[in-house]
Amino acid sequence: MSKVKPASLPPDTLIGGYKVVKKLSAGGFGLVYLALDKQGQEVAIKEYMPTSLATRAPGELLPQVQPEKLSLYRLGLKSFFEEGRSLAQISHASVVSVLNFFRENETVYMVMNFLEGGTLQDFIITARDLKKQKVFRESTIRSLFDEILRGLRIVHQHKMLHLDIKPANIFITDENKAVMIDFGAAREVLSKEGNFIRPMYTPGFAAPEMYRRDTAMGPWTDIYAIGACIYACMQGYPPNDAPQRLEKDRLTLSLSRLRGVYSDNLIEVVEWCMSLDALERPQSVFALQKELSREGERKYTKLSVAEKMRVQFDAMVSDTKKNMRRVAGTGNKTK
C-alpha cells in the first residue's frame with residue numbers, strides 16, 4: 001500500500017469547468033471537494049484516488065501509480081466511471097444525484113448535488129448517547145427504511161448494487177429526506193481483484209458473500225446491509241461482522257433483548273434480512289418492502305418510556321441537524 005496519502009487539489013483548481021473551493025473529506029478510495037459550477041452553484045465532486053494504489057505530490061494534478069499496480073488502478077477507474085454513468089441515469093429522491101462525470105488528469109471525477117444535513121450514523125450516535133431504552137422509535141425506523149428501499153429498488157432495477165450500505169452512507173438532509181450516497185462498485189472490484197491486507201468493506205454491514213471471491217452477489221447482498229442498518233438503529237451499535245457470526249452467531253440473542261421494546265415483526269425482519277445463507281434472505285427489495293410496511297405492526301408492543309422523551313428526542317434531532325453540514329460521498333473512510 002502507498003505510504004504517502006495523495007495530496008488534495010488546492011483551492012481554485014479548475015477541473016472540467018468546475019472550480020474547487022476546498023476539500024471536504026478524504027477516504028480510502030477518493031477525495032471529495034466542494035466546488036462551484038459555471039453558474040456559481042455549489043456541487044460536490046468526488047475524485048477517484050485509491051490510497052492503496054496511487055499517490056500524488058502536493059501541487060500536482062496527476063496521480064502517481066507504480067507500474068505493477070497500474071492495471072488494477074485502471075480497473076477500478078473503469079468501474080468508478082461506469083458507476084457514474086449508471087447513477088446519472090437514475091432520478092430518485094433517495095439516490096444521490098450525479099450531475100456529471102468525466103475523465104481528466106488520468107482519473108475520473110463524479111459531480112453530485114451538494115447536500116446539507118447529517119448522516120444516519122451521526123443521528124444514531126447522538127440518540128445512543130441519550131441512553132434511552134430504544135435508539136429510534138419503531139415508526140421512525142419503518143418510515144426511514146421505506147424511503148430508502150424505494151430508492152434501492154430503482155437502483156436494482158437498473159442492474160446496479162450499492163455494495164456499501166451503512167449508516168454513514170445514508171444521508172439525512174435538512175429537508176428530512178433520506179439519500180443513499182457513496183456507492184461501492186469500484187471498491188468491490190478492487191477488493192475482489194486485489195490482494196489487500198485490510199478489507200475494503202465495512203465490518204458489521206458487509207454480507208458474508210462479500211468476504212469470498214467465489215460467491216455471487218445480488219439484491220440479497222444489499223438487503224443484508226439494510227437489515228444491519230435497522231439493527232444499528234435499534235441497538236445503537238453495528239452487529240458483529242459476518243466472519244464472527246459464522247463462528248458463533250449471537251444475533252438472535254442480541255435481538256431477543258429488544259422484544260417488548262420493538263415489535264416481534266420488526267425483529268423478525270432484521271433476522272430475515274441478516275440470514276447468513278443468502279438464499280434465506282429476501283431475494284428482492286419488493287419482498288422486503290411488503291413485510292416492512294405491514295400496518296398492523298406500526299406500533300410498539302410495550303412502552304415503558306414516557307411520550308415526552310420522544311418529543312425531547314425529536315426536538316434534539318431537529319437542533320442537531322441544523323448544526324450539521326455534510327456532503328454526499330463523505331461517508332467513505334479508510335477502513
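See the values below:
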quantity: Mean-position separation - Cα centroids, region 38-79 and region 84-113, in angstrom; calculated: 15 Å
quantity: Under 19 Å between alpha carbons - lysine pairs in region 14-113 that sit 8 or more apart or on different chains; calculated: 9
quantity: Sparse-neighbourhood loop sites, trypsin sites (Lys or Arg not before Pro) in region 33-82 - DSSP loop, at most 16 other Cβ within 10 angstrom; calculated: Lys38
quantity: Kirkwood hydrodynamic radius of region 14-113, Cα pairs, Å; calculated: 14.1 Å
quantity: Extreme residue, positive dipole direction of region 38-109, given options Val96, Leu75, Val43 (C-beta unit charges); calculated: Leu75
quantity: Estimated dipole of region 14-113 in Debye, rounded to 20 [Cβ of Lys and Arg +1, of Asp and Glu -1, Cα centre]; calculated: 60 debye
quantity: Sequence of Glu247, Glu83, Glu271 once ranked by neighbouring C-beta atoms within 10 Å, starting from the fewest; calculated: Glu247, Glu271, Glu83
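The numbers here are math on the coordinates, done by the rules we state, and not lab data. The shown structure was predicted, so the numbers you read here are calculated from the model rather than taken from an experiment. Using ideal geometry, Cβ is built from the backbone for each residue, glycine included, and neighbour counts are taken over all protein chains shown.
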